[in-house]
Each structure stands twice: as C-alpha cells, then as structure tokens.
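The values are calculated or read from the model by the stated rules, or taken from the named source; none is laboratory data. Keep in mind it's a predicted model, so treat the numbers as computed, not measured. Using ideal geometry, Cβ is built from the backbone for each residue, glycine included, and neighbour counts are taken over all protein chains shown. Keep in mind that these areas ignore ligands, DNA and RNA; they rest on the heavy atoms of the full protein, side chains included. Shrake-Rupley method; radii C 1.70, N 1.55, O 1.52, S 1.80 Å.
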Amino acid sequence: MSKQTVFISGATGFIAQHIIQQLLDTNSFKVVGSVRNLEKASSLKANFKNHPDLSFVTVGDISEPDAFDKIFEEHGSQFDYLLHTASPFQFNVSDYEKELVVPAVNGTRGVFKAAVKFAPNVKKFVVTSSFAAIGAPADYENSKIVFNEKSWNNQSLQEALNDPVSAYCYSKAAAEREVWTLQKELKPKFAITAVNPVYVFGPQCFDSSVTKTLNTSCELINSIVHSKPEMPVPEISGAYIDVRDVARAHVESITNEKTDGQRLFMSEDRFTMQNVADVINKDFPQLQGKISKGNPGSDKAVIERMAQCDSSATKTLLGFKFKDLEETVVDTVKQILKVEAN
Ligand code: NAP
C-alpha cells in the first residue's frame, strides 16, 4: 500500500519533532512539515538524517490570515491528514494579544480554511490544543474543581490580557473553539480530534535542541538542574505528561476513529516543582548539594489545594499507559547532563 501523507505545522517545535519521529518510525507515512524559514528546515533535515519520507515547506508568520493558502494551493491535494501544532508558547512577550492570541487563532482558522478549500483528501484534522483550553488559571487552586475532557476555560479576553500566562491560556481556548465552530459552519469532510496536554516534559527529540534555555515547559526542569543550593524551589505546580505520550496520542488519532470529535486530556498526574526537585536530588547523586533541595514533603499541602484532573476517559480511549513523573524528569535531566558533559 502506498504511503499516506501527513502535513504537520510548526515542525520545529518540541512536540512536533517527536510526532514526526514517531510518524516516520511507522514506515506508513510521508511527512510534510511547515517551518518559518528554510534555514530551520536544513538543520531539521540533517537531524532526521535526510529521511526520504520527510520534506519541508515554508509557511511564514501564522498571524497572517492566509499564511497557509499558497502551500495548500500547491500541495493540498496530496495531504491525507493534518496535524496543527504551531502556536506560540512563551510568556516572555510584551503585546499579549498580538504575540499570543492573534497567531493562535488566525493560525488555526487559516490552516482549517486552507484545508477545506485546497485539500479535498484530508480525512483527519488533529489540533494540538492544551490544558489551557480546559481550565482557567483562576480555577487552578480550587480543590473542589475536577477538570475533565468536557471542561472549558471561559475566561474573557479582557481578563486574560492582564498577564502572559492568562493570555496564553486564552489563546489556546480561543483557537480550539475556532476549530469546533468552523466544523459546524463549514462542515468539512474530515473528522477532528483535539489533543489537550498539560505541562509537557521529556527529552528533546535531538540532543542538538538542548540549549542553555529549553522550550517553556522543559525549562521548568532545566531551571532546577541549574539552580543553586541556597535557591528556593519555584512555587509552580500543575499536571504533567511526557512528550512521547503526547506525540503518540497525535499519531494514533490519525487513524483511530474512536478519537473522532474527541478532546484528549493528556494528563498523567499533578505535580509541584518540589516533586521535580525530589526526583532530581534522588536520581542524580552527582547533583546533590549543588542544586536546590527545597522543602521535601511540602508538596502534599500544595497538591491538596489544587484542582483535580480526571483524564480517565482519555486514558481508557487511548489504552496505553502514560509515563510517570520520575521517568519523564529522569530522561529530561539525563539528556541535559549528557549534552553538557560534551
Ligand atoms: P515550541 O517548541 O515553542 O513550538 C512551537 C511551534 O510553533 C514552533 O514550531 C514555532 O515555530 C511555531 N510558531 C509559534 N509561533 C508562530 C508564528 N507566529 N508563526 C509560525 N509559527 C509559529 O512549543 P511546543 O511545546 O512544542 O508546543 C507545540 C504546541 O503544543 C503548541 O500549540 C502549544 O500551545 C501546545 N502545548 C504545549 C505544551 C507544553 O507544555 N509544551 C502543553 C500544552 C500544549 P518557530 O520554531 O519558528 O518559532
């Protein structure tokens, strides 16, 4: 059987590279990845060892409403599946609406409309949404709340523009809403799945991506590896999932009809940064005494105050076991230490 073609936006991303790797490993797909410029594509090509089933196309800033049109007009008829992962995930921004909300929403609308117009063979559209679309930051410390696949972040744009974290969360909720709304309006032939991960940890797909500062979620772990013993452990908590499980959820969504119309709440469990520090101090004796130890045991009270995450429906639907905190943190730190030793 000839290979089917998957288009993936944001091919340079932390999560996207793992998705591409897993797609190529199946030997069943050709992959076309979009990148902002060809310089980025050439290093990715080299990392994927010039894989014959992988090619790249250039799509500029996805804030532009027609950013995807040209590429889809040219190549859209080849695409069987679409994975839309591109979206800004960073908090170091000054204009929250322009830098976070506009690219998230316009990018999603743009790729969806381009698919409807120019890609008649697409059978499935998988959008990388987020826990940010499930819960509003104001509810994270409300232990009476249980988030699940049906929960939505209903924060208004006006409230969200107060800080970059809320603005990012709003951007993801607004972008995912756009998908479900466009499905009703445009009635595309393809089915849709949203993948909604919590904080995504785990190793970079390639060692060359281990730089001084990592992508936003992995930087939390990197910050403990590079902390000083006298430094406090950051008061950040949430829920976690490993990047390899997030990538697998995307890949399986392509062909698993049970995921059609579903939101996949990709959450293994809750964590605090104290839990991350505990794992690193326990599993990397060479770092003991050199990095923050924090206050072991302090996590329990924090977790009791947090909202709960019930991802049981997603776990049952996907049917594979998600990696636990120790495995994802250890694999992240091992890679950082290996790269830094060289
Ligand atoms: P990442 O490494 O920062 O990747 C983001 C990707 O989006 C990159 O390819 C980036 O391109 C592209 N992008 C961002 N803004 C763009 C713009 N204005 N125009 C064109 N391309 C743009 O982040 P990631 O963690 O892999 O995130 C990927 C997706 O997962 C995002 O949709 C994010 O919201 C979602 N997500 C991530 C987490 C997490 O904890 N990591 C959790 C939940 C959901 P460049 O390389 O050119 O900048």
Within the stretch 43-55, how many residues are of a type in the set (Ser, Thr, Tyr) and over 18 Å from ILE71 (Cβ atoms)? 1
Candidate set: the stretch 94-104, residues that are open to solvent by 20 Å² or more (accessible area, probe 1.4 Å) and within 11 Å of the ligand (Cβ to nearest atom); chosen: the one farthest from HIS18 (Cα to Cα): LYS98
If you take the residues of the stretch 222-233 that are of a type in the set (Val, Ile, Thr) and part of a helix (DSSP H, G or I), which of them is farthest from GLU340 (Cα to Cα)? ILE224
Kindly evaluate GLU99 against the criterion of being part of a helix (DSSP H, G or I) and charged (D, E, K, R). yes
Suppose the filter is small (Gly, Ala, Ser), closer than 25 Å to LEU161 by Cα and open to solvent by less than 20 Å² (accessible area, probe 1.4 Å); does GLY10 pass it? yes
Among the candidates VAL102, VAL146, VAL127, VAL111, which residue alone is at pLDDT 95 or above and in contact with a helix residue (DSSP H, G or I) (Cβ under 6 Å, 6 or more places away or on another chain)? VAL127
For the stretch 286-308, does any single residue satisfy the condition of being open to solvent by 20 Å² or more (accessible area, probe 1.4 Å), among the hydrophobic types (A, V, I, L, M, F, W, C) and within 30 Å of ALA194 (Cα to Cα)? yes
Inside the stretch 1-23, can you point out the residues that are within 14 Å of the ligand (Cβ to nearest atom) and closer than 18 Å to GLY76 by Cα? PHE7, ILE8, SER9, GLY10, ALA11
